[in-house]
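A quick write-up on the structure given underneath.
The values are calculated or read from the model by the stated rules, or taken from the named source; none is laboratory data. Quantities reported herein were computed from a predicted structural model and do not represent experimental measurements. So basically every Cβ, Gly included, is an ideal-geometry build from the backbone, and we count neighbours across all protein chains shown. Just the protein is used for accessible areas: all its heavy atoms, side chains included, with ligands, DNA and RNA removed. Shrake-Rupley method; radii C 1.70, N 1.55, O 1.52, S 1.80 Å.
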Amino acid sequence: MIKNIIFDIGGVLVSFEPDRVFREMGLPEEEVQILYQHTAKSPYWKELDRGVLPKEEVFQTMVNTMPQAYRKDAMEFFTKRIPEAVTSFDYSADWLKGLKERGYNIYLLTNYPEWLFETHWKKGFTFVPYVDGKVVSGKVKLIKPDHAIYETIIKKYSLNPAESVFIDDVKENVQAAKETGLNAIQFTNINDVKNQLEKLLASD
């Protein structure tokens, strides 16, 4: 019987759109695309999620990979505008509320910089009232798909993996969850994942 539903955040409960913020900053499309590749798509972004290095150091590393002409705009994004890149999906609060009202425990397991998570937790996420617990990569210094981060949430909340299901939009993260004993569903779109989740819940 499934008792616990564990959600990833980015791509599942919220959108992450730095490119939208770049456009709102009035930047030309060519610059938007270059900045997007050097920020959200940068291999260094995972170091923000991991939270071991100071964020200023990671910002500077990413900025140093960019054409000189775009570095000032990139630093403005990092230091002033980055919280604006995250928006809760319209369905997120109602989805979690409905599951909570049906008696399921709701948890979050997310790759997220701790400082940015705290900003959005206090003011931003629409689904906070329905969350029973959370493990944030930047706080525990581990990132998915490392098995250790799944084991961290299992241990922290004394979860039985067989009674828990994890939902994430990244295939590798879903596979790692299964390898640690959790049921897991890959998020592709809200209707499909709701159908898959309901089938799993009904199979108990």
Note: the range 114-204 at 4 °C, 1.567 mPa s; Kirkwood Rh on alpha carbon pairs; Stokes-Einstein D in µm²/s works out to 90 µm²/s
Mean separation of Cα contacts under 8 Å (at least 6 apart) over the residue count of the chain, i.e. the relative contact order in percent, is 28 percent
Within the under-10-Å Cβ sphere about A40, not counting A40, Lys/Arg +1 and Asp/Glu -1 give a net charge of -1
Here the range 59-70 yields Karplus 3J(HN,Hα) values (6.51, -1.76, 1.60; θ = phi - 60°; whole Hz; Gly and Pro given as x) of 3, 5, 4, 5, 4, 5, 7, 8, x, 3, 5, 9
Surrounding charge for N105, neighbours by C-beta under 14 angstrom, Lys/Arg +1, Asp/Glu -1, total +3
Expressed as a percent, the accessible surface of the chain that is carbon or sulfur, using a 1.4 Å probe and the full set of protein chains, is 49 percent
Taking the chain and counting helices only, DSSP H stretches of n ≥ 4 at -39,500 (n - 2.57) each over all residues, the nearest-500 ellipticity at 222 nm comes to -12500 deg cm²/dmol
Among beta bridges assigned by DSSP with both residues in the chain, the antiparallel ones amount in percent, to the nearest 5, to 15 percent
Ignoring trypsin sites (Lys or Arg not before Pro) buried by more than 16 other Cβ within 10 Å or outside DSSP loops, the longest site-free run in the chain is 142-204
